[in-house]
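Have a look at the structure below, then the notes.
Here, each number is a calculation from the coordinates, and none is a lab measurement. A quick note: this is a predicted structure, and the numbers were derived from the prediction, not measured. In this analysis, Cβ positions are derived from the backbone assuming ideal geometry, glycine residues included, and neighbour counts consider all displayed protein chains.
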């Protein structure tokens with residue numbers, strides 16, 4: 001994909017090709033067949049690009065409600081946040097008169113930020129900037145945004161006085177479609193923020209949710225983990241005026257949030273499984289807020305190193321899923337099989353924490369038949385392997 005061909009795609013003739021490609025409802029598996037069809041009627045490079053955009057738009061539907069209006073590269077789409085995440089994150093910038101989207105790529109986050117305040121997007125890639133411009137125009141946000149080609153490792157071309165803009169930084173975390181895990185290998189590296197903060201103290205940084213927390217020890221920032229529909233999606237560092245906690249876990253789309261204001265060493269009591277077993281949301285796990293949640297639920301843990309909570313009474317919470325505990329005992333395949341057969345259980349879902357067993361292999365070895373369904377938890381009780389059997393509690 002090149003800049004000249006993309007600009008041709010935005011012309012009336014190019015839009016005709018894109019419309020034809022969209023009507024084919026292309027997917028990855030039938031790309032060649034559809035390309036052969038399109039290239040009989042349109043210029044080859046334009047047909048290839050149109051078909052690629054149509055394919056990416058279809059894939060983007062899981063992230064953007066208006067995906068059919070946007071333009072992407074494959075790598076930009078893979079790294080972009082879901083619209084629900086971007087929209088939530090942008091709310092942190094309310095009250096600022098000017099925002100900078102550093103490393104804006106095709107403008108996925110710029111779209112959300114520009115609805116909060118006038119936003120300038122910066123990126124080094126002219127093709128991605130052209131896509132960002134088209135995306136902003138498609139949503140009617142061209143007048144509330146501007147795009148600048150800039151190297152983020154050079155001084156930012158903005159004044160820091162008298163009212164500096166607030167910054168959002170999304171460093172590249174992929175190279176040749178491979179994930180980059182260390183913050184020092186981001187492009188630009190996370191350490192760039194130390195050069196910006198003295199002039200632009202209000203700064204948010206999108207980082208991988210799997211980040212090694214030891215790498216963040218030198219940064220004075222709130223660390224927020226965000227999940228969407230129960231899946232951990234991303235982490236954000238909030239600096240300066242944007243910081244309002246020490247650690248935070250946020251659940252979308254409900255926007256429930258759990259936070260602590262300072263490092264805490266809360267520990268829960270350890271005990272056997274009680275009437276209900278709770279599995280905290282992954283954002284709560286990564287934020288290190290399991291003990292805080294357990295205190296709210298008056299819960300205990302099964303093991304100090306295992307993030308399952310258990311209570312005598314069912315307390316509804318958005319931060320964890322709950323199961324009724326039917327039985328538990330030390331793990332043994334024969335005993336487990338006998339119990340499930342005795343209770344006419346033919347279908348099981350296996351969850352595990354701290355167990356080396358593979359769920360698929362265990363299900364195969366159980367050789368069950370019956371009309372009931374249960375969830376099996378393979379875990380530890382004070383370091384010893386146990387199995388907990390239950391079913392989903394009603395909220």
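Using 0.36 nm per residue, how much length does the chain from residue 363 to residue 312 gain when fully extended, once their Cα-Cα distance is taken away?
15.5 nm
Please give, to one decimal in nm, the separation of the simple spin-label points placed at residue 256 and residue 394, each 7 Å out from Cα toward the Cβ.
Output for this residue pair reads 1.8 nm.
Find the eigenvalues of the gyration tensor of the Cα atoms of segment 99-201, then list the square roots of 5 times those eigenvalues as equivalent ellipsoid semi-axes, largest first, in whole angstrom.
Working from the Cα gyration tensor, I get semi-axes of 21, 19, 11 Å.
Against the 2.2 N^0.38 Å scaling, with N counting residues, where does segment 276-392 land? I'd like the Cα-based Rg ratio to two decimal places.
Ratio of Rg to 2.2 N^0.38 Å for segment 276-392: 1.06.
What do you get for the angle between helix 12-23 and the principal long axis of the chain? Use alpha-carbon atoms, 0 to 90 degrees, nearest ten.
The helix 12-23 is inclined about 20 degrees to the chain.
Before rounding to the nearest 500, sum -39500 (n - 2.57) across all DSSP H runs of length at least 4 in the chain and divide by the residue total; then give [θ] at 222 nm in deg cm²/dmol.
Numbers: 13 runs with 113 residues, N = 395.
Dividing the helical sum by the residues of the chain leaves -8000 deg cm²/dmol.
For residue 174 and residue 305, what does the FRET efficiency come to when R0 = 30 Å and r is the distance between their Cβ atoms, rounded to the nearest 0.05?
0.40
In segment 27-156, if every C-alpha pair distance is counted and binned at 5 Å from zero, what percent goes to each bin?
2, 11, 19, 20, 18, 12, 8, 5, 3, 1, 0
Measuring from centroid to centroid over Cα atoms, what is the spacing of segment 152-179 and segment 288-309 in Å?
Cα centroid to Cα centroid, the span is 38 Å.
What order do you get for 286, 353 when you list them from fewest to most C-beta neighbours inside 10 Å?
Neighbour counts put them in this order, fewest first: 353, 286.
Ranked by Cβ crowding within 10 angstrom, fewest neighbours first, how are 1, 192 ordered?
Fewest-to-most Cβ neighbours within 10 Å comes out as 1, 192.
Modelling each spin label as a point 7 Å along the Cα-to-Cβ direction, I'd like the residue 327/residue 4 distance in nm, to one decimal.
Result for the modelled spin labels: 7.4 nm.
Nearest 10 degrees, 0 to 90: what angle lies between the long axis of helix 126-138 and the longest principal axis of the chain (Cα atoms)?
On a 0 to 90 degree scale, this one is about 80.
Most mobile of 266, 317, 161 per a Gaussian network model of the chain (Cα springs, under 10 Å)?
161
Could you work out how far apart the two model spin labels at residue 153 and residue 74 are, taking each label as a point 7 Å from the Cα in the direction of the beta carbon, and quote it in nm?
2.6
If you take Rg/Rh (Cα atoms, Kirkwood Rh) from the coordinates, which of (i) 1.05; (ii) 1.08; (iii) 1.18 do you get?
Of the labelled values, this structure produces (i).
To the nearest Å, what is the center-to-center distance of segment 70-129 and segment 234-284, using C-alpha atoms only?
Using only Cα atoms, the two centres lie 26 Å from each other.
Using packing as a proxy for protection, rank 193-200, 274-281 so that the peptide with the highest average count of other Cβ atoms within 10 Å comes first.
Averaged packing, sorted descending, gives the order 274-281, 193-200.
If I build a Gaussian network model for the chain, linking alpha-carbon pairs within less than 10 angstrom, which residue out of 136, 91, 223 has the largest mean-square fluctuation?
It is 91.
Please report 292, 131 as a ranked list, fewest other C-beta atoms within 10 angstrom at the top and most at the bottom.
Values: 292 19, 131 26.
Fewest-to-most Cβ neighbours within 10 Å comes out as 292, 131.
What FRET efficiency comes out for residue 28 versus residue 66 if R0 is 22 angstrom and r is the Cβ-Cβ distance? Round to the nearest 0.05.
Efficiency, rounded to the nearest 0.05: 0.50.
State the extension gain, in nm to one decimal, for the chain segment bounded by residue 220 and residue 185, taking 0.36 nm per residue of separation less the distance between their alpha-carbons.
Taking residue 220 through residue 185 to full extension adds about 10.6 nm, to one decimal.
Note the angle between two axes, namely the Cα long axis of helix 333-342 and the longest principal axis of the Cα atoms of the chain, as a number of degrees from 0 to 90, rounded to the nearest 10.
Approximately 80 degrees, to the nearest ten.
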